């Protein structure tokens, strides 16, 4: 399995697992933004992970946008949407999958 396939597999896993838990939360509580934020920042450990992921998402978005200005990678908007709607666990491997495909096409 090459790295491109690995990134695609990680994109699928990074989308399904977080969304599974998000759907469980929604099915139990409905769309309650206040409750989501309360649970996300419940204690120091959950706050640590929340800020770590949020800051990583901002860095990833800036990196993708920066890469958009240098390279002509197709569908680069998709990892931006995946990062915003799902998270870094989805957006990063999707970006790497698209970038790897671009690099394979332009190895000449």
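The values are calculated or read from the model by the stated rules, or taken from the named source; none is laboratory data. A quick note: this is a predicted structure, and the numbers were derived from the prediction, not measured. Don't worry about glycine lacking a Cβ; one is built from the backbone with ideal geometry, like all the others, and counts go over all protein chains shown.
Got a sec? Which of 76, 92 is surrounded by 15 or more Cβ atoms within 10 Å (Cβ to Cβ), touching a residue at least 60 places away in the same chain (Cβ under 8 Å) and touching a helix residue (DSSP H, G or I) at 6+ places or on another chain (Cβ under 7 Å)?
After applying the criteria, what remains is 92.
Only one residue in 58, 53, 88 is within 11 Å of the chain's Cα centre (by Cα) and farther than 20 Å from residue 17 by Cα, so which one is that?
58
Got a sec? Which of 92, 103 is outside any loop (DSSP other than H, G, I, E, B), modelled with pLDDT under 95 and either under 18 Å from residue 14 (Cα atoms) or out of contact with any strand residue (DSSP E or B) (no Cβ under 7 Å at 6 or more places or on another chain) (or both)?
Result: 103 is the single residue among 92, 103 that is outside any loop (DSSP other than H, G, I, E, B), modelled with pLDDT under 95 and either under 18 Å from residue 14 (Cα atoms) or out of contact with any strand residue (DSSP E or B) (no Cβ under 7 Å at 6 or more places or on another chain) (or both).
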